[in-house]
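The values are calculated or read from the model by the stated rules, or taken from the named source; none is laboratory data. Given the structure is predicted, the values throughout are model-derived calculations rather than measurements. Heads up, the Cβs are rebuilt from the backbone with ideal geometry, glycines too, and the neighbour counts pull from every protein chain shown. Heads up: the accessible areas ignore ligands, DNA and RNA and are worked out on the full protein's heavy atoms, side chains in. Shrake-Rupley method; radii C 1.70, N 1.55, O 1.52, S 1.80 Å.
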Amino acid sequence: MEKKMTVFEKELAPLKDALTKHPLYEHIARVEDIKHFMEQHVFAVWDFMSLVKKLQVELTCTSLPWIPSKNAQTARFINEIVWGEETDLNKDGKVMSHFEMYLQSMEEVGANTQPILSFIAGLKGGEDINQLIDDSDLSHYVKDFLRFTFKTIQENKLHTIAAVFTYGREDLIPDMFIAMVKNLRNEGLPLSHLIYYLDRHIEVDGDEHGPMALQMMEELCQGDQEKIEEALAGAKKALEMRIALWDGILAQSKSNVLI
């Protein structure tokens, strides 16, 4: 399985390189730039948790009566990831999810949290996720990003969901955020909560969650060539959707003369 898994790294390298060198990072230099970025990116922070929870539902037992999971090792992986993402400690030692930390960071810089809060309120009110996306006033590139996430979840191919999670999210996050943190620190902006959030992601995803997710992928593919090919296609699409999201944010920023 080890040799086949290296195919992922080889095939995804150009897309990962394009993301880590994306021109968007160079333009996030002022508070107004950060506000605009965060108001769009928060939806990717939010929908990430649906990928996480789908994996937890499928890889552990979340129903009653409880029965043992098929693979205790993968169950442990995903439970540890959920524990860290859903109930971490913020800058002040308060228990909260990484999504809530991001909202806190948005409030710190004065970014508008109303769109994401209204979106979540719609879900709490029982609205269908796909209809909610279609009816929203979100930018087309945010809608496309969300549609891909939930289409992947709804297709219910666990190895593909895990690949999108692992290679399109967890494995990617440290590289992306290292570039962003460097720019923010160079500018000396007063963004303590955001810097903490980014540093926390680099620490946890690079040292803990990322390696766990890669092991989970190996367990789910089990050397099955068809699964590997489907997972690779999903991972490629996830990276392409992230690039499209970054392209859209950058283009809108330029058109709004925010940068």
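For region 1-128, the solvent-accessible area works out to 52 Å² per residue, with a probe of 1.4 Å and every protein chain left in place.
Overall, region 1-139 carries a charge dipole of about 660 debye about its Cα centre when +1 sits on the Cβ of Lys and Arg and -1 on the Cβ of Asp and Glu, all other atoms neutral. Sorting the segments 31-42, 124-135, 149-160 by their mean number of nearby beta carbons within 10 angstrom, highest to lowest, gives 31-42, 149-160, 124-135.
With K and R counted +1 and D and E -1, the other residues having a Cβ less than 13 Å from that of Gly188 yield a net charge of +2.
In the chain, the portion of solvent-accessible area held by carbon and sulfur atoms comes to 51 percent [1.4 Å probe, whole percent, DNA, RNA and ligands not counted]. Using C-alpha pairs below 8 Å separated by at least 6 residues, the relative contact order for the chain is 32 percent. With all projection directions averaged, the alpha carbon convex hull of region 74-140 covers 6.5 nm².
Using a Gaussian network model of the chain in which every pair of alpha carbons under 10 angstrom is joined by a spring, one finds that among Asp199, Asp144, Asp224 the greatest mean-square fluctuation is at Asp224.
Region 180-255 and region 63-83 have Cα centres spaced 24 Å apart.
With all pairs of different C-alpha atoms in the average, the Kirkwood value for the hydrodynamic radius of the chain is 19.0 Å. The charge dipole of region 99-196, taken about its Cα centre with unit charges on the Cβ of Lys, Arg, Asp and Glu (plus for the first two, minus for the last two), comes to roughly 240 debye. Taking the helices alone, the chain has a mean residue ellipticity at 222 nm of -24000 deg cm²/dmol, built from -39,500 (n - 2.57) per DSSP H run of at least 4 residues and averaged over all its residues.
Rounded to whole Å, the principal axis extents of the Cα atoms in region 136-227 read 49, 37, 17, largest first. Placing unit charges on each Cβ (+1 for Lys and Arg, -1 for Asp and Glu) gives region 110-259 a dipole about its Cα centre, and among Tyr167, Ala111, Met241 the Cα reaching farthest toward its positive end belongs to Ala111. Our summary gives region 56-124 a relative contact order of 16 percent, counting only alpha carbon pairs under 8 angstrom and 6 or more residues apart. Each eigenvalue of the Cα gyration tensor of region 1-74, multiplied by 5 and square-rooted, gives one semi-axis; in descending order these are 35, 23, 6 Å.
Note on Asp92 and Lys70: the extension gain reaches 4.1 nm, defined as 0.36 nm multiplied by sequence separation minus the Cα-Cα distance.
Beyond 31 Å in Cα-Cα separation lie the following of the pairs Lys21/Lys143; Lys124/Lys227; Lys143/Lys182; Lys35/Lys124; Lys16/Lys157: Lys124/Lys227.
What the Cα convex hull of region 42-177 gives, in volume per residue, is 144 Å³. Placing +1 on the Cβ of every Lys and Arg and -1 on the Cβ of every Asp and Glu, with nothing else charged, gives the chain a dipole about its Cα centre of roughly 160 debye. Only helices reaching 27 angstrom along their own axis (Cα) with mean Kyte-Doolittle hydropathy no lower than 0.0 count here, and for the DSSP H runs of the chain these are 31-59. Count Lys and Arg as plus one, Asp and Glu as minus one, and take only other residues whose Cβ is under 12 Å from that of Val82; the net charge is then -1.
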